[in-house]
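S.K.: This is the structure I want to talk about, given as structure tokens.
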Amino acid sequence: MKVYIGGHRGMVGGAILRQLQARRDAGADLDLITRTSADLDLTDQVAVRDFMAVERPDVVILAAAKVGGIVANNTYPAQFIYENLMMECNVIHQAHAHGVQRLLQLGSSCIYPREAPQPMAEDALLTGTLEPTNEPYAVAKIAGIKLCESYNRQYGRDYRSVMPTNLYGPGDNFHPENSHVMPAMIQRFHNAARAEAEEVVIWGSGKPMREFLHVDDMAAASLFVLDLDRATYDAETEPMLSHINVGTGRDVTILELAELVAQVTGFRGRIVTDATKPDGAPRKLMDVSRLARMGWTADIALADGVAQTYAWYLDQLEAGTAVRAR
């Protein structure tokens, strides 16, 4: 079976690739296809068409995306909506045009309204106003879901979407401006601990609640959903409400997360909140009951995952490769 993993050098795509490689090493008959962004620009329609025509994959996993935190989303909204829309349109359409029956695309929990009831169930989609700080990205990810559903309805394809909560883990982006909250905190508290700083300032009030899922759990969930037989998948979804939430079903406040990261990194100073900076959505907890009914739940506890991620970060620092931009 030929499997194309789009975005294999990213955090999630890399984790999925590692798990597929482990399956192959265990005897699965898999031909894993990858391309770097330098070799294949997924925003280029002709390039994607030619790639699909040559490689003819049996399965496509679309983990490629332009991603970032609040600062990046506010600074580059046009790039976030354009690049993500183009990648989705090109990959999903060309997969269909070249006979790919099975496809999995990865989205984000930001697809849900800012004031969605908590925990956020799949049927909260398109029921309210999105969080303004990442609306362009969210719109692109909603479009990806609807692309998959539309090709399923019109052409009988089996294109599925999984919507992860906030992800973290090995392979994360520790860029000082474009990173998400977890790697940003790990880097900031690490530097403060080494400098024996008296305090660390975190953005916002510290009150917003967030859910965090280790990337290895996300990769396992993605392959679990991809592997589900059609009858099981269809029994738990609807033709125009087919996406599946992936998370832990548990959340913490940003301040609680900061306290955990401080403990893991050895920072012993004060943690100060800066309420002049934006908080983002007040809470983003996923309702993961649909996926649980299908038979999958997260395995890695937050404290264990943060410690593992920090150990990976230290290894990258030693190798001189920890800070990178996407």
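S.K.: Checking the cross-link filter: which lysines have an alpha carbon closer than 29 Å to that of K284, excluding same-chain neighbours under 8 positions apart?
M.R.: Within reach: K66, K141, K146, K207.
S.K.: Which of the GluC sites (Glu not before Pro) found in the range 195-262 are in a DSSP loop and have at most 10 neighbouring Cβ atoms, other than their own, within 10 Å? Write down the numbers at each step before the final one.
M.R.: Numbers: sites: E196, E198, E199, E211, E236, E256, E259; in loops: E196, E198, E211.
Taking the range 195-262 and a limit of 10 other Cβ atoms within 10 Å, the loop GluC sites (Glu not before Pro) found are E196, E198.
S.K.: Follow-up. Under a 10 Å cutoff between Cα atoms, tell me which one of G68, G247, G280 has the largest fluctuation in the Gaussian network model of the chain.
M.R.: G280
S.K.: While we're here: Which of L241, L302, L17 moves the most in a Gaussian network model of the chain with Cα springs under 10 Å?
M.R.: With Cα springs under 10 Å in the chain, the top fluctuation among L241, L302, L17 is at L241.
S.K.: Another one. Springs between alpha-carbon atoms under 10 Å, Gaussian network over the chain: tell me which of D279, D299, D39 tops the mean-square fluctuations.
M.R.: D39
S.K.: What does the extension gain come out to for Y82 and V252, with contour length at 0.36 nm per residue minus their alpha carbon separation?
M.R.: Numbers: separation 170, 0.36 × 170 = 61.20 nm, distance 3.23 nm.
Additional length available on full extension: 58.0 nm.
S.K.: Quick one: Cα centre-to-centre distance for the range 211-250 and the range 146-193, in angstrom?
M.R.: For the range 211-250 versus the range 146-193, the Cα centre distance is 14 Å.
S.K.: Need the C-alpha centroid separation for the range 3-58 versus the range 262-321, integer Å.
M.R.: 27 Å
S.K.: Next up: How tilted is helix 181-195 with respect to the longest principal axis of the chain? Cα atoms for both, answer in degrees (0 to 90, nearest 10).
M.R.: Rounded to the nearest ten degrees, it is 30.
S.K.: Could you put D25, D251, D315 in order, starting from the residue whose Cβ has the fewest other Cβ atoms within 10 Å?
M.R.: On the way: D25 9, D251 22, D315 12.
Ascending Cβ contact count within 10 Å gives the list D25, D315, D251.
Since every read-out is calculated from the coordinates, none of them should be taken as a lab result. Just so it is clear, the model here is predicted, and its values are computed rather than measured. Don't worry about glycine lacking a Cβ; one is built from the backbone with ideal geometry, like all the others, and counts go over all protein chains shown.
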